[in-house]
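In what follows, a structure is listed as structure tokens, so that the remarks can point back to it.
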Amino acid sequence: MRGKSERGAPRGAMVGVGLAAAFGLALVACSGGQTTVMAPPAQPMKVSAITLLEGKAMVSCPPEIMSELHEKLTAKLYKPGAFGKGPNVKLAYRVVDYNAGDNARWSFGSVTGQAKGSVTVEAVYLDKSGKELGKIRSEGKVGSSLLGKSMDDAVEHVADEVAMYTTKTFK
């Protein structure tokens, strides 16, 4: 029988499903976050309060990204059931890498994967006297899609990473 695959579906339907899947993948942007522990705490320490300190970025980073990062970290760390504000542990963070990627919605980079944006934050945990307790680097990435993807998503991912590690380690 002509026009059908061995499974009985019309060949045109199979091609259509393949094209729909490829188009769907092109519309979806890859994004995510990851954390690297640079120096784990020497001993477990559980606290109920932390102080969030913003440090000067090591690279050029738009002020709106810095502001958004601070807002997201504040919301995640000081939400009900998380940490209170206090001097038990200081979390000093700074942006150490920033790449806005290609903002063009229909750029060639969005098809080749070269239009990715990212933000990397170094978070240093300090005790009341300023002695370092630990250090991490968290990265939030966003890949382009045909619909475009905002750096807000990369900031959200990096804030999630820092907040998750902080909660897991100090709460």
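Filtering the stretch 112-126 to residues that are of a type outside the set (A, V, I, L, M, F, W, C) and modelled with pLDDT under 95 leaves THR112, GLY113, GLN114, LYS116, GLY117, SER118. Close contacts from the stretch 43-58, counting a first residue that is in a loop (DSSP other than H, G, I, E, B) and a second that is open to solvent by 70 Å² or more (accessible area, probe 1.4 Å), with Cβ to Cβ under 6 Å and a gap of 6+ residues or different chains, come to GLY55/ARG94; ALA57/ARG94. Which one is surrounded by the most Cβ atoms within 10 Å (Cβ to Cβ), of the residues in the stretch 117-126 that are farther than 14 Å from GLU161 by Cα and without any contact (Cβ under 8 Å) to a residue 60 or more places away in the chain? Applying the filter and picking the extreme gives GLY117. Among residues that are within 23 Å of LYS131 (Cα to Cα), surrounded by 17 or more Cβ atoms within 10 Å (Cβ to Cβ), within 19 Å of the chain's Cα centre (by Cα) and β-branched (Val, Ile, Thr), VAL37 is not included.
Number of residues in the stretch 76-97 that are open to solvent by 30 Å² or more (accessible area, probe 1.4 Å) and under 12 Å from VAL155 (Cβ atoms): the value is 1.
Across the stretch 59-91, the number of residues qualifying as under 20 Å from the mean Cα position of the chain (by Cα), over 19 Å from MET164 (Cβ atoms) and not in a helix (DSSP H, G or I) comes to 4. Counting only residues that are at pLDDT 95 or above and either in a loop (DSSP other than H, G, I, E, B) or open to solvent by 50 Å² or more (accessible area, probe 1.4 Å) (or both), the stretch 132-154 holds 3 of them.
The values are calculated or read from the model by the stated rules, or taken from the named source; none is laboratory data. From a predicted model like this one, the values you see are computed outputs, not experimental measurements. Heads up, the Cβs are rebuilt from the backbone with ideal geometry, glycines too, and the neighbour counts pull from every protein chain shown. Accessible surface areas use protein heavy atoms only, side chains included; no ligands, DNA or RNA. Shrake-Rupley method; radii C 1.70, N 1.55, O 1.52, S 1.80 Å.
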